[in-house]
C-alpha cells in the first residue's frame, strides 16, 4: 500500500513491493535494518527472500568497521541466506584496503604508528603498521569498532583526542555512525568521537556512508545504474543522504536510530531539515 505524497513529505509505504517496478537492486543497511546484533526484525528475512525471488539484486552496505566476512557470518547466524546477496560492503574493509594500498594521497601521507581506538586490531592486522602506546608516539589516529557502552567520549577519550589534535594528528574514521544500534538499545558510535575531533580543530577522513568510496564498490557489485537502485536504511545522515548523493531512490526505516525523535510532533520533517536529507519513501521496518 502507498499513501499519497503530501508536498515535500516522503511517500509512506507499508512495504517495498508497492514500488517494486521502480528498482532492480537494493542497498540494505545492516545494523538497524537487517538486525540489531542479536536478532532480525520480524519480517526482514521474508522481505529479503521476497526481493531476491522478484529478481532484485541485493548488496549489504554497512558502516561496520569490520570486514564483509564478519557481516556474512552474522547474517547466516541470524537466519539469512547469504546466496541471496550479490555482495557485502563494509567501511572497515574499505579502510583496510586504503591503509594497505596507500594510493589515496591522504593515506599515502600517513605514518606507520597508529593510535587505535577500537575493540581490536582488525583494521591493521597483517598490515605494515604498529599500534602506538600513546598519543605522543603516534602518527595518526584510527577509529574502528565502537567501544561503547564500556567506554565513551565523555568518560574516556576527550583528553586523548585533545592531545592528538594539539599535535596535529590526522584521524581516520572507519565508522561514521554517531549512534549505533545494539540488542541493549542505542550506543555511541565512532562517528561521535570523530565529530568532536573536528570541533577542536582536528582533521578527519571519514570512510563509509554517506561518502562515495563505499557506493562505488557497491555499484560494481550490483552492476546496475544507480537510478534503478533503492537505498534502505535507518539513518538520514548516512543511508538517506548517501543514497541520494549516489543517485539512488531512498527508503527510510522508521524503526531505527531516529525512532524517539519521530514520535515528536513533526518529527520526520524536523529530522529531514536537520540532516538536509529527505527520503523518497518511509517504511515502518524492512518489509516487502
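Helix 212-222: angle to the longest alpha-carbon principal axis of the chain, degrees 0 to 90, nearest 10? Helix 212-222 and the main axis of the chain meet at about 50 degrees. By DSSP, the beta bridges lying fully in the stretch 94-206 are antiparallel in about 25 percent of cases. So the label point goes 7 Å from the Cα of residue 42 along Cα→C-beta, right? Which residues of the stretch 223-261 then have their backbone N under 20 Å from it? So the set is 253-257, 259-260. Which whole-number percent is the relative contact order of the stretch 1-122 (Cα, under 8 Å, 6+ apart)? That works out to 19 percent. Helix 190-199 and the long axis of the chain differ in direction by around 60°, with both axes built from C-alpha atoms.
Using only Cα coordinates, the Kirkwood hydrodynamic radius of the stretch 94-206 works out to 14.1 Å. Using alpha carbons only, the radius of gyration of the chain set against its Kirkwood radius gives Rg/Rh = 0.97.
How far, in nm, would the chain grow between residue 113 and residue 156 when pulled straight, counting 0.36 nm per residue and subtracting the alpha carbon separation?
On the way: separation 43, 0.36 × 43 = 15.48 nm, distance 2.10 nm.
So the extension gain works out to 13.4 nm.
Looking at the chain alone, DSSP beta bridges between its own residues are antiparallel in about 15 percent of cases. Were the residues from residue 264 through residue 105 laid out at 0.36 nm apart, the gain over their Cα-Cα distance would be 52.8 nm. Once C-alpha pairs closer than 8 Å and six or more residues apart are averaged by separation and normalised to the residue number of the stretch 94-206, the relative contact order reads 22 percent.
Here the relative contact order of the chain, from alpha carbon pairs under 8 Å that lie six or more residues apart, stands at 23 percent. Protection proxy ranking, highest mean first, for peptides 272-282, 236-246, 136-146: 236-246, 136-146, 272-282, where packing is the per-residue count of other beta-carbon atoms within 10 Å, averaged. Taking a point 7 Å out from the Cα of residue 182 in the direction of its Cβ, the residues of the stretch 137-167 whose backbone N falls within less than 11 Å of it are 146-152. Counting only DSSP beta bridges with both residues in the stretch 1-135, the antiparallel share comes to about 10 percent.
Read the figures in this text as sums done on the coordinates, not as results from a lab. Here the structure is a predicted model, which means the values were calculated and not measured. Positions of Cβ are backbone-derived with ideal geometry, glycine not excepted, and every protein chain shown enters the neighbour counts.
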